[in-house]
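The structure under discussion appears below in the form of structure tokens.
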Amino acid sequence: MAAASRPPERADVTDLAATGVQPVPAAAGIGLRAPHLVRVRDERPRIAWLETHSENLFAAGGPFCEALDFIRRDYPLSLHGVGLSLGSADALDIAHLRRLREVVGRYQPALVSEHLCWGAVGGMHSNDLLPLPFTEEALNLVVSRIGQVQDALQREIQVENISTYLRFRDGDYTEWDFVAEAVHRSGCGLLCDVNNIYVNSINHGFDPRTYLRALPHAAVEEIHLAGFTRKDNLPVPLLIDSHSRRVDEKVWDLYAEAIALFGPVPTLIEWDQDIPALEVLLDEAARADEVLDAHRALAA
């Protein structure tokens with residue numbers, strides 16, 4: 001099936017319920033990481049939903065997979081991939097895609113997402129998510145790849161905007177128009193990483209609100225929030241999307257503006273380095289829920 005023929009409609013909560021999949025609510029969840037696995041499994045803390053990296057489940061065995069078999073019975077689940085390399089000049093890794101399809105079939109997540117980037121070429125994988133040139137050629141490539149993935153999984157995916165530390169001099173689009181057009185042409189959903197937008201706005205010098213306003217609001221199906229690291233004593237400002245601390249106040253402000261634009265959206269607290277106690281993540285999630293509740297109160 002060609003990507004351009006994909007209908008723009010996406011599965012709604014009713015469709016998910018009909019398949020027995022727990023939909024992800026418009027509330028705050030956390031990334032499920034190994035240090036908290038046992039507590040979440042045994043204590044069942046009050047968390048609206050959980051997200052884990054798809055590739056962590058490719059082995060189909062071991063403590064993490066076994067625990068998740070039980071955890072997913074009580075929590076809606078999202079799978080977030082880091083390795084498909086949608087924008088690589090190489091063809092999609094069919095073995096990787098096959099394992100992803102098997103994992104999706106086993107865990108039946110409500111959401112499946114990947115990054116709008118590239119990270120592999122010639123069988124070599126980068127340790128980072130690398131930026132795309134914002135050209136028509138790159139856009140056509142990623143739209144085709146998104147279509148391939150959606151056809152293979154027989155479901156919609158979400159694509160996430162990434163943080164970047166350099167950009168190509170020439171291009172046909174701004175970053176936000178490139179992201180919006182990729183979503184529009186492929187018929188996929190959008191995972192809007194608000195922290196990445198703020199990080200890029202500082203690193204590349206643009207107004208993050210312009211970015212938010214340009215996105216297709218109805219396509220935003222998930223939001224990510226995380227903490228960044230500020231690099232000092234440099235000739236230019238530089239923020240690193242480190243996922244190693246609490247969400248910055250500027251990002252909280254931008255998140256409130258995003259919710260005002262998009263409405264209540266499932267929101268994830270990401271924390272992948274220097275992982276703190278579970279209570280810290282729950283506290284960050286509670287703050288996101290306060291923003292969501294305040295929007296609902298205004299809209300009532």
Exercise. In this structure, does Leu254 turn out to be over 18 Å from Ala27 (Cβ atoms), crowded, with 16+ Cβ neighbours inside 10 Å and of a type outside the set (Lys, Arg)?
Worked result: yes
When segment 207-242 is checked residue by residue, the ones that are more than 15 Å from Gly263 (Cα to Cα), surrounded by fewer than 20 Cβ atoms within 10 Å (Cβ to Cβ) and not aliphatic (A, V, I, L, M) are Asp207, Arg209, Thr210, Thr229, Arg230, Lys231, Asp232, Asn233, Pro235, Pro237, Ser242
Within segment 230-237, is there a residue that is closer than 24 Å to Pro76 by Cβ and at pLDDT 95 or above? no
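Looking only at segment 162-180, which residues are among the charged types (D, E, K, R), under 23 Å from Pro237 (Cα atoms) and modelled with pLDDT of 95 or more?
Within segment 162-180, Glu175 is the sole residue that qualifies.
Do the conditions hold for Leu100, that is, is it under 25 Å from Leu225 (Cα atoms) and in contact (Cβ under 8 Å) with a residue 24 or more places away in the chain?
Yes: the conditions hold for Leu100.
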Residue hits (segment 172-198; charged (D, E, K, R), crowded, with 19+ Cβ neighbours inside 10 Å and free of Cβ contacts under 8 Å to residues at least 40 places away in the same chain) are Asp193
Of those in segment 144-173 that are within 27 Å of Ala226 (Cα to Cα) and among the hydroxyl-bearing types (Ser, Thr, Tyr), the residue nearest to the chain's Cα centre (by Cα) is Ser163
Filtering segment 190-205 for residues that are among the hydrophobic types (A, V, I, L, M, F, W, C) and either in contact with a Ser or Thr (Cβ under 8 Å, 6 or more places away or on another chain) or on the phi > 0 side of the Ramachandran plot (or both) leaves a count of 2
Residues of segment 61-87 being among the polar types (S, T, N, Q) and closer than 16 Å to Trp49 by Cβ, in sequence order, are Ser78
Going through segment 103-124 in order, the residues found to be surrounded by 14 or more Cβ atoms within 10 Å (Cβ to Cβ), over 19 Å from Ser186 (Cα atoms), without any contact (Cβ under 8 Å) to a residue 60 or more places away in the chain and not charged (D, E, K, R) are Val103, Val104, Tyr107, Gly119, Ala120
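The values are calculated or read from the model by the stated rules, or taken from the named source; none is laboratory data. Just so you know, these numbers come straight off a predicted model, no measurement behind them. Reconstructed Cβ throughout: ideal geometry from the backbone, glycine too, with neighbour counts over all protein chains shown.
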